[in-house]
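One structure below.
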Amino acid sequence: MLLSFAGFLSQATDLLERGGDIQKQIFFEGVEIGVSISELVVGPITTERLVRWAAGAGDFNPIHYDQELARKLGLPNVIVPGPFKSALVCRMLLNWAGKKGRLKKLKSRYMGMDVPGDTLTCRGRVTDKYVDKEEKCVECEYTVENQRGETTVKGMAVVCFDS
Amino acid sequence: MGDSLLTEEVKSYIGRETGPGEPLVIEQGAIRKFIEAVEDENPIFYDAEYAKETWYGDVTIPPLFLLTNMKSGTALDFDILLKARRTRGEDEVEILEPVRVGDTISANTKIVDIYEKKGKSGSMMFILSETVYKNQFGRTVMISRANIIKHAV
């Protein structure tokens with residue numbers, strides 16, 4: 001039921017979505033340092049999406065939904081929340097990790113503003129792999145970039161796989 | 001360009017702690033609202049049969065779910081600078097144990113540091129905090145670290 005709702009939403013709002021599905025299961029042994037993580041493209045982001053985020057994340061900071069207040073505070077528009085972008089990165093990482101993976105750590109640095117109408121591309125790359133307390137871990141770095149070519153989020157993540 | 005934002009009153013917040021805040025019961029409906037906002041169809045967030053075969057063991061929360069859904073016990077308990085525009089500069093989440101539907105989570109937060117930078121658009125204050133999330137068994141399930149920026153207006 002949820003899948004068909006999400007499908008309806010995608011069609012109804014004509015979103016550009018790529019890479020939203022869980023990938024074929026990868027295994028720690030097969031992961032190579034330097035390999036790219038299947039990217040995720042989301043957008044154009046609507047103000048409706050930001051309202052849904054406010055309700056779903058419990059973040060009612062008005063700079064994310066109140067246009068008049070945002071401009072009064074010196075912003076060009078309402079802005080896309082940092083944690084929303086981090087959540088998209090988590091979606092990308094967990095789709096890549098598959099059923100046998102889990103997210104252990106995520107760090108995000110919010111470097112720029114994105115606004116409604118923007119399309120965001122999340123990209124990642126494996127930078128290290130190691131065993132930590134019997135957990136098989138893969139370390140990645142990632143970026144989120146908008147259609148203007150601006151990198152608005154940079155960060156790293158650790159994804160772990162069971163044996 | 002104005003006085004420093006780092007008054008004695010502001011600096012007195014460094015090291016202060018808050019919590020445990022109001023506990024949050026993890027519910028499927030709340031998870032659904034979150035994943036609809038990011039259009040995340042990963043079955044670990046709604047399919048118990050699927051989730052049982054993963055590290056999570058049962059339907060689980062998206063990694064960012066607790067960051068802003070806790071009503072208290074967070075850095076926002078402190079009103080450190082009035083008349084300011086607030087944004088997040090950095091976030092970090094570290095997941096230690098699965099959080100599942102039906103769990104009760106409470107948060108404790110410590111203000112780790114506060115510093116100031118003068119930028120093009122005025123002074124900015126950076127508030128570093130660390131939040132520890134525990135479940136109903138007293139186990140630490142997640143730790144988050146935030147750098148929240150306040151722009152004086």
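Coordinate-derived values only; no laboratory data. This is a predicted model, so every value here is computed, not measured. Cβ atoms come from the backbone with ideal geometry, glycine included; neighbour counts cover every protein chain shown.
Using only side-chain charges placed at the Cβ, +1 for Lys and Arg and -1 for Asp and Glu, the dipole size of chain B relative to its Cα centre rounds to 700 debye. Averaged over the residues of A:45-56, the number of partner chain Cβ atoms lying within 10 Å of the residue Cβ comes to 3. Under the criterion of Cα pairs below 8 Å and six or more residues apart, the relative contact order for region A:47-147 equals 20 percent.
With helices as the sole contributors, the protein assembly as shown gives -6000 deg cm²/dmol at 222 nm; each DSSP H run of n ≥ 4 counts as -39500 (n - 2.57), and the sum is divided by every residue. Taking the longest Cα principal axis of chain A as reference, the axis of helix A:82-97 is set at about 30 degrees. Both radii are taken from the alpha-carbon atoms of chain B; with Rh as the Kirkwood radius, Rg/Rh is 1.05. Using the alpha carbons alone, the radius of gyration of region B:1-79 stands to its Kirkwood radius in an Rg to Rh ratio of 1.20. The relative contact order of chain B comes to 29 percent, based on Cα pairs under 8 Å that sit 6 or more residues apart. Relative to the longest principal axis of the Cα atoms of chain A, helix A:2-13 runs at roughly 50 degrees. Look at where the Cα atoms of region B:99-153 and of region A:44-93 average out, and the two centres are 18 Å apart.
Volume per residue of the convex hull around the Cα atoms, evaluated for region B:95-135, comes out as 108 Å³. With Cα atoms as the point set, the protein assembly as shown shows a radius of gyration and Dmax of 19.3, 60 Å. Computed from Cα atoms, the angle from the helix B:28-38 axis to the main principal axis of chain B rounds to 60 degrees. In this label model, B:Glu27 and A:Tyr130 are separated by 4.3 nm, measuring between points 7 Å along each Cα→Cβ vector.
Residues whose amide H comes within less than 5 Å of that of B:Ser72, counting only those at least five positions distant or on another chain, are B:Glu22 (H built at 1.01 Å from N in the peptide plane).
The Cα atoms of region A:33-129 cover 47, 23, 21 Å along the three principal axes, with the biggest extent listed first. Note on B:Lys71: lysines with a C-alpha under 25 Å away, same-chain residues under 8 apart excluded, are A:Lys85, A:Lys104, A:Lys105, A:Lys107, B:Lys11, B:Lys33, B:Lys83, B:Lys110, B:Lys134, B:Lys150. Extension gain for A:Thr119-A:Ala55 works out to 20.9 nm (0.36 nm per residue, less the C-alpha to C-alpha distance). When GluC sites (Glu not before Pro) are flagged only if DSSP places them in a loop and at most 14 other Cβ atoms lie within 10 Å, the longest unflagged stretch of chain B comes out as B:54-153.
Of the GluC sites (Glu not before Pro) found in region A:62-144, those in coil by DSSP whose Cβ has at most 10 other Cβ atoms within 10 Å are A:Glu134.
Label sites at B:Glu53 and B:Asp3, each approximated as a point 7 angstrom past Cα along Cα to Cβ, lie 6.4 nm apart. Put simply, the C-alpha atoms of chain A give a gyration tensor, and the ellipsoid matching it has half-axes of 30, 18, 14 Å, longest first. Among the trypsin sites (Lys or Arg not before Pro) within region A:63-163, those in coil by DSSP and having at most 16 neighbouring Cβ atoms inside 10 Å are A:Lys133, A:Arg148.
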